[in-house]
Each structure stands twice: as C-alpha cells, then as structure tokens.
Amino acid sequence: MQVASVLATIPYFACKGAFAIVGGIVGGLTYVFSGLNENAAKNVWTTSMYGTYIITPEHLSGDKAINFLGIPDAEPPVQTPAPATEPVR
C-alpha cells in the first residue's frame with residue numbers, strides 16, 4: 001500500500017500543485033477585479049489551495065477521504081457597519 005500511495009501521489013500532486021498555482025493567480029485577479037474584496041479572493045484561494053496533496057495508504061483503503069478541493073467557509077464573516085458620526089456644529 002505504501003508503494004501504491006507513492007505511485008498515486010506523483011501524478012496527483014502534479015495536478016493538485018498546478019491547480020493550486022492557477023488558483024493563487026486567479027484569486028489574486030479576483031481580489032483586484034472585485035474591488036479589493038478579500039472574502040471573494042479567499043473563497044478562490046481556499047478552494048484551490050487547501051485539500052489533500054499527498055495520497056496515503058489510508059486514502060487508498062478508503063479510511064480517509066481525498067479532498068481535491070478545499071472547502072471555503074459556508075458564510076462570510078458579518079461586518080458590523082461603523083456608527084454614523086454626526087457633523088460637529
């Protein structure tokens with residue numbers, strides 16, 4: 001199982017690594033083109049950069065799931081609006 005996991009990791013890691021690099025670039029572009037919206041960029045980065053990178057014997061035996069994609073937070077953090085200030089008279 002260990003030899004099989006090493007052999008499976010080689011092509012899997014190449015694909016996952018390329019996906020993560022492209023996701024990093026796309027996430028950066030998302031940040032810029034969304035008007036510097038960090039939450040939008042983090043969703044792209046989390047989905048592309050997190051997840052499984054190495055296949056272990058536990059993955060091959062079915063004891064552990066292989067997650068190619070990372071899972072972003074279900075809900076974005078709530079932003080509290082700043083209190084309105086009244087003009088000084």
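Read-outs throughout are calculated quantities, based only on the coordinates presented, and are distinct from any laboratory measurement. Predicted, not measured: the structure shown is a model, and the values here were computed from it. We place every Cβ from the backbone using ideal geometry, glycine too, and count neighbours over all the protein chains shown.
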Filtering segment 14-26 down to residues that are under 10 Å from residue 49 (Cα atoms) and either among the charged types (D, E, K, R) or in contact with a helix residue (DSSP H, G or I) (Cβ under 9 Å, 6 or more places away or on another chain) (or both) yields 16, 19, 20, 21, 22, 23, 24
Mind checking whether some residue in segment 8-16 is without any contact (Cβ under 8 Å) to a residue 60 or more places away in the chain and under 14 Å from residue 70 (Cβ atoms)? yes
I need a count of the residues in segment 13-68 that are more than 13 Å from the chain's Cα centre (by Cα), hydroxyl-bearing (Ser, Thr, Tyr) and surrounded by 13 or more Cβ atoms within 10 Å (Cβ to Cβ). 4
